[in-house]
Amino acid sequence: MIGQTISQYKILEKLGEGGMGVVYKAQDTKLDRFVALKFLPAHLHLHEAEQARFLQEARAASAINHPNVCTIYDIKEEQGVEFIVMEYIDGETLRKKVPLNVDDALRYAVQIGDALHEAHSKGIVHRDIKCENIMVNGKNQIKVMDFGLAKLKGSLKLTRTSSTVGTLAYMAPEQIQGGDVDARSDIFSFGVVLFEMLTGKTPFRGEHDAAIIYSIVNEEPESLLKLKPELSPELERIIDRALEKDPEDRYQSVADLTSELKRVQKKSTRVVRPAVEMSGVRPSVLGASSAIPVESGSGRASRKRGIVIGGAAIIIIAGAIAAYLLLSGGHQAIDSLAVLPFQNVGADSSAEYLSDGITESLINTLSQLSNLAVKSRSSVFHYKGKDVDPQKAGKELGVKAVLTGSVTQRGDNLQISAELVDVANDNHLWGNQYNTKLADLLSVQETISKQISQNLSLKLAGDDEKKLEKQATQNTEAYELYLKGRFYWNKRNADDLLKAMDFFNQAIAKDPNYALAYAGLASTYEIYPEYSGTPMIEYSAKAIAAADKAMELDPTLAEPHAVLGSNKCEYQWDWAGAETEFRRAIELDPGYPTAHFWYALCLEYQGKFDTSLVEIKKAQALDPLSIVINQNFGEILFASGREDEAVRQLQYTVELDPNLPGVHGDLGYQYGQLGKYDSAVVELQKVQEIVGTKNPFAMPILGYVYAKMGRKDDALKILDQLFAFAKQGDAVAGGIAIVYAGLGDKDKTFEWLQKECDAREQGIVYLKFDRMWGFLHSDPRYAALLKRVGLDR
């Protein structure tokens, strides 16, 4: 095939051959770049089921966007032959480099772990991690290969009814035995690769396949320290845990394994104070108790975000940081801070709510200090799961100090480490470790908060002291349930929001006077319809009742007022009442980005674009990396007639996260309104690739664009799909009206807009300014609709 041109690819040379076919280096003649082409063997075309599995897996793998994963560009078919177009990597396999020194091995291992974490987060299990499937390019960067392809590799038959997939020496016991394979199977294979990188040998060996199988299933791995005595016992412990026979005994998340590898890798020159036990009151750097509390973890859907308000359980770290910042003597005053996501170390992924919750609680508690600007949750969580240099992150976020930390849970015991870094010179400012038990969390809270406030009394205003001492609940179980609720709330999908409701309700059952739990429940009720397609009428009253109860219990909370403002705006159409609630929320907490953000939307719906832009810019300044705030900034720019700026803003937002459907949906809408229909279709089809066909999100805009392009049959097909969603109770009346608008059917458009109005679907609030309704403006029915929604002013 050398020298042939297939599609747009000129074959240059053969790179390799294996059970899955032949790989060639090729020149992409259109884009002028090198690519790798993998041609599938002929036998795959004889089995439709296997071919379908391949296509499904390859499409899933193409969604992985990570610097340590070989990118799949396309799946092509030419003259009945299918092939994969993927990134060409100029380098060599890891196989050619082993054994490695410990520094290189750890450097590569962290990159492999990050790649696997990205894949696992998208539900993709590699199933064939080995040195041959890992490349090292000329920049010493790891590239993990063959995601989504290994599942189809040659199988080793163990019985007539089961088979395994992968390469024998790297397989997990459950993989060999034909059992269920999940992310933990990749963790086992990763452990084998790490062992091999350090020693040049695999941990389970034999003279023939049966002996290797027996060793993997029954024998303990060879001692790493016996082969390499100079290595650390900690590294042996990590690898041994990755190689546990029972998946339940392994790391439950590759992120946990990678986090521990990073700890081994890091050669810190910073001073960290020794751990302080909770068993007694010990002097800290401030002369106060160093006991610590905690446990936690973590159309236009996806536009709302909220704030997580932690309890006084985190007050010791907050107090210590506050004291340092405010009593820093001759040091330059530090008035801005970012709390980077704490790492979840040595605990399974189900306990991630602890590390997330501690981070969010610190953000909230420190935000209460009047002289300290603290970056919001969504901006700092942009760095979650990444190996981030604190100084670099601090400069990107525009703060003077960065707080980093880690959480280790062992049963009922917690160890929390925290470190404060000066961004200007990367100096260690303060650090400590704390040991505590979950059950002791709140019992020592009052003593700690009083001691901290006493140390800060000369620098803190009276209101600041009260905020640091304030305890949201005395019930440890309620606090833990609340943090779990916040953890699932932040995941922002229908299933997880239902879990959040459950945890908030459980927290309230434990402590009926827990204002924050009611506030969290109110926020969940308010946004759930957007993410689930459920009519708002089913949750509006619940949201109002929970918000009212939260305000009754704690009148100082801003969040319930923001919820009521959103509800009055999008459901009750009480525009004056909505503005009152938003202004009250901002008065209570001027640094609360959500209040400014939702207020901006409320102003946009009313056509008040100038003031809407003022509020969305305030929200963006407070939360510069929030996807939904940046996305809606683009929406408001477009509504105000600043089309070029709007498109650039959304393109920037795509760069922040290319896999969020809402951003592509808004881009598709804007391209459609600008007459750039082909570009609109590309963006809107990306939405469907992300959310699937069982979700109506962005379908209406795609139907509208098809209609405008003259593709009437395609538009009608989408109408049929939307009718099916309507029959099952989804709130899609407004979406149906959108497609009819594209088709130019004025009567049908009004019919379905009336139904949208009757159901009080949220999309009706776009009636006044959305350009797609322009052809209705001269019709008296349009003026009547505006009046009904209260937008006739």
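The values are calculated or read from the model by the stated rules, or taken from the named source; none is laboratory data. Since this is a predicted model, take the numbers as computed values, not measurements. Cβ coordinates were reconstructed from backbone atoms using ideal geometry, including for glycine residues, and neighbour counts include every protein chain displayed. The area values use the complete protein model at the heavy-atom level, side chains included, leaving out ligands, DNA and RNA. Shrake-Rupley method; radii C 1.70, N 1.55, O 1.52, S 1.80 Å.
Descriptive notes on the structure:
- Residue in segment 708-720 that is under 26 Å from residue 647 (Cβ atoms), open to solvent by 20 Å² or more (accessible area, probe 1.4 Å) and in a loop (DSSP other than H, G, I, E, B) present: yes
- Residue that is surrounded by the most Cβ atoms within 10 Å (Cβ to Cβ) [pool: residues in segment 471-495 that are assigned to a helix (DSSP H, G or I), over 23 Å from the mean Cα position of the chain (by Cα) and of a type outside the set (Gly, Ala, Ser)]: 479
- Residue 531 being hydroxyl-bearing (Ser, Thr, Tyr), open to solvent by 20 Å² or more (accessible area, probe 1.4 Å) and on the phi < 0 side of the Ramachandran plot: yes
- Inspection of segment 396-413 identifies at least one residue that is modelled with pLDDT of 80 or more, touching a Pro at 6+ places or on another chain (Cβ under 6 Å) and open to solvent by 10 Å² or more (accessible area, probe 1.4 Å).
- Taking the conditions (1) within 22 Å of residue 528 (Cβ to Cβ); (2) among the charged types (D, E, K, R); (3) surrounded by fewer than 23 Cβ atoms within 10 Å (Cβ to Cβ) in turn, residue 559 satisfies each one other than (3).
- Scanning segment 645-695 for residues that are hydroxyl-bearing (Ser, Thr, Tyr) and open to solvent by 10 Å² or more (accessible area, probe 1.4 Å), we see that the one that is nearest to residue 770 (Cα to Cα) is 669.
- Scanning segment 229-279 for residues that are in a loop (DSSP other than H, G, I, E, B), among the basic types (Lys, Arg) and at pLDDT below 90 yields 266, 267, 270, 273.
- Pair list, Cβ under 7 Å, 6 or more apart: segment 643-660 residue over 17 Å from residue 686 (Cα atoms), other residue open to solvent by 30 Å² or more (accessible area, probe 1.4 Å) and in a loop (DSSP other than H, G, I, E, B): 643/674
- Residue within segment 78-89 that is part of a strand (DSSP E or B), of a type in the set (Phe, Trp, Tyr) and either open to solvent by 40 Å² or more (accessible area, probe 1.4 Å) or at pLDDT 90 or above (or both) present: no
- Leading residue by the ranking (modelled with the lowest pLDDT) among those in segment 313-340 that are surrounded by fewer than 23 Cβ atoms within 10 Å (Cβ to Cβ) and either basic (Lys, Arg) or out of contact with any Leu (no Cβ under 9 Å at 6 or more places or on another chain) (or both): 330
- Selection of segment 496-535 for residues being assigned to a helix (DSSP H, G or I) and of a type in the set (Ser, Thr, Tyr) yields 518, 523, 524, 525, 528, 531, 532.
Residues are listed down the side, and each one gets a yes or a no for (1) over 23 Å from residue 737 (Cβ atoms); (2) of a type outside the set (A, V, I, L, M, F, W, C):
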position: 619; (1), (2): yes, no
position: 628; (1), (2): yes, no
position: 637; (1), (2): yes, no
position: 645; (1), (2): yes, yes
position: 663; (1), (2): yes, no
position: 669; (1), (2): no, yes
position: 681; (1), (2): no, no
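- Complete set of residues in segment 90-127 that are on the phi < 0 side of the Ramachandran plot, crowded, with 24+ Cβ neighbours inside 10 Å and in a loop (DSSP other than H, G, I, E, B): 126
- Taking the criterion of being touching a Lys or Arg at 6+ places or on another chain (Cβ under 9 Å) and more than 20 Å from residue 550 (Cα to Cα), the residues of segment 519-538 that qualify are 530, 531, 535, 536, 537.
- When residues in segment 366-395 are screened for being open to solvent by 50 Å² or more (accessible area, probe 1.4 Å), over 18 Å from the mean Cα position of the chain (by Cα) and under 24 Å from residue 67 (Cβ atoms), 3 of them pass.
- Number of the condition not met by residue 527 [criteria: (1) over 20 Å from the mean Cα position of the chain (by Cα); (2) within 30 Å of residue 793 (Cβ to Cβ)]: (1)
- When the residues of segment 753-793 are filtered to those that are among the hydrophobic types (A, V, I, L, M, F, W, C) and within 16 Å of residue 571 (Cβ to Cβ), the one that is most open to solvent (accessible area, probe 1.4 Å) is 759.
- Members of segment 651-701 that are in a loop (DSSP other than H, G, I, E, B), of a type outside the set (A, V, I, L, M, F, W, C) and closer than 23 Å to residue 623 by Cβ: 657, 658, 659
- Any pair with Cβ under 6 angstrom, 6 or more apart, that starts in segment 719-742 at a residue that is of a type outside the set (A, V, I, L, M, F, W, C) and ends at one that is part of a helix (DSSP H, G or I) and open to solvent by 40 Å² or more (accessible area, probe 1.4 Å): 740/748; 742/708
- Where residue 425 falls short, out of the listed (1) modelled with pLDDT of 85 or more; (2) out of contact with any Asp or Glu (no Cβ under 9 Å at 6 or more places or on another chain); (3) open to solvent by 50 Å² or more (accessible area, probe 1.4 Å); (4) not β-branched (Val, Ile, Thr): (1)
- Given (1) acidic (Asp, Glu); (2) closer than 17 Å to residue 111 by Cα; (3) in contact with a Gly (Cβ under 9 Å, 6 or more places away or on another chain), number of the condition residue 196 does not satisfy: (3)
- Residues being in a helix (DSSP H, G or I) and open to solvent by less than 40 Å² (accessible area, probe 1.4 Å) - total across segment 192-212: 10
- Within segment 721-757, the set of residues being assigned to a loop (DSSP other than H, G, I, E, B) and within 36 Å of the chain's Cα centre (by Cα) comprises 728, 729, 730, 731, 732.
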